[in-house]
Ligand SMILES: Nc1ncnc2c1ncn2[C@@H]1O[C@H](COP(=O)(O)OP(=O)(O)OP(=O)(O)O)[C@@H](O)[C@H]1O
Ligand SMILES: [Mg+2]
């Protein structure tokens with residue numbers, strides 16, 4: 001994969017052509033428009049990352065502060081999880097005054113960004129912790145009809161195979177953005 005030269009994104013650009021998956025892409029796009037956190041699950045090698053990248057690039061125009069791919073595959077535990085997110089976003093270590101998680105939260109709260117969190121499966125609790133940390137940022141979103149919605153959370157498997165214990169996952173997590181009320 002190569003890095004994209006495009007403006008505000010670090011999404012890796014696949015070297016091969018994206019094939020098929022029209023129905024899954026349409027469904028994932030619809031879910032992402034309604035829920036602020038979308039989780040793609042499925043057995044290894046079934047195209048979760050590829051679908052997430054395709055989805056993220058297809059909606060990138062709607063996120064003025066960028067689309068960010070955060071790969072947790074090199075982490076053996078959750079210890080450096082927030083460092084990984086912060087480095088990707090360019091958030092500086094706040095020192096001892098506050099936690100890195102809080103700094104990332106504050107940074108994202110003012111921005112319209114989409115995060116693709118990949119290879120979370122070996123960090124299940126920590127990845128859930130990241131998602132939980134995003135929740136306060138997502139809570140105040142308003143629906144298109146102007147009423148306040150609860151936090152959306154949606155998951156689906158892009159493969160037809162039943163999701164079992166060996167599932168891996170990709171999260172596509174938009175941060176808040178202004179929503180026409
Ligand atoms: N729609 C697609 N078009 C073209 N190539 C694809 C498509 N989906 C998957 N691939 C290719 O198949 C391989 C596996 O896909 P991918 O890495 O997305 O799977 P994954 O579900 O994320 O796997 P893992 O669980 O191991 O992370 C990759 O080489 C990817 O480029
Ligand atoms: Mg993957």
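The values are calculated or read from the model by the stated rules, or taken from the named source; none is laboratory data. Fair warning: this is a prediction, and the values are worked out from it, not measured in the lab. All Cβ positions, glycine included, derive from the backbone under ideal geometry; neighbour counts span all protein chains shown.
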The conditions are (1) within 13 Å of ligand 2 (Cβ to nearest atom); (2) part of a loop (DSSP other than H, G, I, E, B); (3) over 14 Å from residue 116 (Cβ atoms), and residue 73 fails exactly one of them. Which is it?
(3)
What are the residues in the stretch 22-53 that are within 14 Å of ligand 2 (Cβ to nearest atom) and either part of a loop (DSSP other than H, G, I, E, B) or at pLDDT below 85 (or both), if any?
39, 40, 41, 42, 43, 44, 45, 46, 47
Being away from ligand 1 (no atom under 16 Å from the Cβ) and either closer than 15 Å to residue 10 by Cβ or part of a loop (DSSP other than H, G, I, E, B) (or both) is the filter here; which residues of the stretch 109-120 pass it?
110, 111, 112, 113, 114, 115
Have a look at 90, 146, 152 and point out the one that is surrounded by fewer than 18 Cβ atoms within 10 Å (Cβ to Cβ) and at pLDDT 65 or above.
90
Residue check: is residue 91 in a helix (DSSP H, G or I) and either farther than 25 Å from residue 18 by Cα or out of contact with any helix residue (DSSP H, G or I) (no Cβ under 8 Å at 6 or more places or on another chain) (or both)?
no
